[in-house]
1. For the stretch 174-186, give me the residue count where each residue is closer than 17 Å to V46 by Cα and in contact with a Ser or Thr (Cβ under 9 Å, 6 or more places away or on another chain).
2. Only residues in the stretch 191-216 that are without any contact (Cβ under 8 Å) to a residue 12 or more places away in the chain count as the first member; pair them with residues that are part of a strand (DSSP E or B) and not polar (S, T, N, Q), Cβ under 9 angstrom, at least 6 apart or cross-chain, and list the lot.
3. Listed residues V185, V153; which is more than 16 Å from the chain's Cα centre (by Cα) and not charged (D, E, K, R)?
4. Taking the residues in the stretch 1-35 that are in a helix (DSSP H, G or I) and β-branched (V, I, T) as candidates, determine which candidate is surrounded by the fewest Cβ atoms within 10 Å (Cβ to Cβ).
5. Look through the stretch 87-110, keep the residues that are in contact with a Pro (Cβ under 7 Å, 6 or more places away or on another chain) and of a type outside the set (A, V, I, L, M), and return whichever of them is nearest to D171 (Cα to Cα).
6. Applying the selection to the stretch 69-88, what residues are under 13 Å from S10 (Cβ atoms), in contact with a helix residue (DSSP H, G or I) (Cβ under 6 Å, 6 or more places away or on another chain) and part of a helix (DSSP H, G or I)?
7. Mind checking which residues of the stretch 141-171 are under 22 Å from L206 (Cα atoms), in contact with a helix residue (DSSP H, G or I) (Cβ under 8 Å, 6 or more places away or on another chain) and hydrophobic (A, V, I, L, M, F, W, C)?
8. Please specify each residue of the stretch 92-116 satisfying the condition of being closer than 19 Å to L218 by Cα and either without any contact (Cβ under 8 Å) to a residue 12 or more places away in the chain or surrounded by fewer than 23 Cβ atoms within 10 Å (Cβ to Cβ) (or both).
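The values are calculated or read from the model by the stated rules, or taken from the named source; none is laboratory data. Every value quoted in this text rests on a predicted model; they were computed, and no experiment measured them. Neighbour counts run over all protein chains shown; Cβ positions are idealised from the backbone, glycine included.
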Amino acid sequence: MIAVLQFPGSNCDRDVQHVLGDVLGAESELVWWKDFDSSRYGGLVVPGGFSYGDYLRAGAIAARTDAASRIGGMVEEERPVLGICNGFQVLVETGLLQGALMTNRYPKFVCRDVHLRVESTDSPFTSHYEEGEVLKVPIAHREGNYRPPETGVREGEVALRYCGPDGGVSDEHNPNGSFQSIAGVTDGGNVLGLMPHPERASEGILGSDDGLRMMRGLSEAADSI
């Protein structure tokens with residue numbers, strides 16, 4: 001069973017559950033943050049949205065709830081945890097992923113399709129892709145400008161980079177000014193945070209199903225627990 005964690009202001013929760021349940025046939029459950037019992041679930045998605053209105057910093061308030069503190073226990077037990085957009089911001093604010101997410105270089109909300117290059121296939125979320133494969137997945141954020149910690153990003157932790165349709169990485173194809181065009185990072189294990197929305201690219205009718213394999217990887221990893 002995969003939990004889809006809901007905070008006040010979450011708005012991509014039902015999209016995620018639709019992909020997991022209706023498209024992939026996986027067991028999932030929407031869980032209000034006050035009712036979150038991490039011991040019941042083999043995996044977790046912290047979905048996109050504007051938790052607590054993005055006051056203070058995006059994800060900062062949600063990261064200080066009891067629910068967020070329980071995510072760490074899932075990570076310690078190597079259960080897969082996926083943070084999408086605001087969920088990525090929450091995971092960074094909890095310290096489960098390193099770095100910070102700043103206001104976009106051009107300080108406006110940006111919502112459009114982007115191309116991503118798969119940099120690592122070591123995590124369960126990217127295991128169904130080929131290294132160097134180019135995906136088309138939408139973004140929708142204002143604070144997606146990833147800054148690494150002072151120690152830098154360790155080898156293998158960069159899962160995805162923004163790129164052009166041909167896979168070339170350049171400033172032209174970096175939609176938010178993210179350091180080295182980083183779009184998604186892992187903890188080196190079973191946690192992935194990314195700004196693009198794989199659930200919005202999981203059916204052909206949406207213009208791309210390139211995100212479906214990411215959700216499938218989550219589902220398979222959760223089932224193996």
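1. Number satisfying all stated conditions: 2.
2. Within 9 Å, the pairs are L206/P138; D209/E203.
3. Only one candidate qualifies: V153.
4. V23
5. Top of the filtered list is G99.
6. If the condition is that a residue be under 13 Å from S10 (Cβ atoms), in contact with a helix residue (DSSP H, G or I) (Cβ under 6 Å, 6 or more places away or on another chain) and part of a helix (DSSP H, G or I), then N86 is the only one that fits.
7. C163
8. L96
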